[in-house]
Amino acid sequence: MEPRPTIRLAAGVLAGLCLAPASASPATFSCPALNGAKPEAHLEYLQRERSTLSPDCISSAMDQLGLKHYAPAVKTLIAYLDYRLPDDPAKKRGIIIHIPTLGDTYPASTALFRIGKPATPNLVEAIANISTSDIARTNAIETLFVIHSGKLSELVTILNRASKESKDLKASDRLRDAAREITYRCQGPDIPTPMSGSTSTMTR
């Protein structure tokens, strides 16, 4: 089973996430090249060679795609789940404007959160996929967590079902681990227990 980085959150923040849906932080990005552009143009921009793109324009494109709930961008946004924003000088000086969220560092997470449940199937697929980086997989789990924070039992059921139906042993393990992580993070009477053993239909 592949190790996955752990994101540690303060107890109070974590408790709040378990009780209520997370809200996206306000964002301000300057990208004159994309001002007034349609979602299709924002998506096309993100699909270019990443190394040639402006960080502000990347963030602006993601922000607009999320605000427009543009579901065709889901796969591209998932590919950006390991894209980290450059450090903010204000943070280095200790200036805190709001409680930090995952999207403050990885903006694709906020965009996917805004798109909501239509992003769930592809996020589940990303968790299972061996080619997904550890950071992107962790962020996919975190993003699903906030998307489904109103009813986490639904998310655990989705992950368990995908694990059971997978014909790939390692993919099944990754999905089951994600379900277990969500369950243990917010234990409650409505959260189904993850499968204790592999009951997948796959062949070993």
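No lab work stands behind these numbers, since they all come straight from the coordinates. Everything quoted here is computed from the prediction, not taken from an experiment. Cβ sites come from the backbone with ideal geometry, for glycine too, and all protein chains shown count toward neighbours.
Take each of the peptides 176-183, 41-48, 137-144, average the number of other beta-carbon atoms within 10 Å over its residues, and list them starting from the highest.
137-144, 176-183, 41-48
Under a crude label model (7 Å from the Cα following the beta-carbon direction), how far is Asp134 from Arg84 in nanometres?
About 1.2 nm separates the two model spin labels.
Past 23 Å, Cα to Cα: identify those pairs from Lys75/Lys117; Lys117/Lys170; Lys68/Lys164, in the order given.
Long pairs (Cα-Cα over 23 Å): Lys117/Lys170; Lys68/Lys164.
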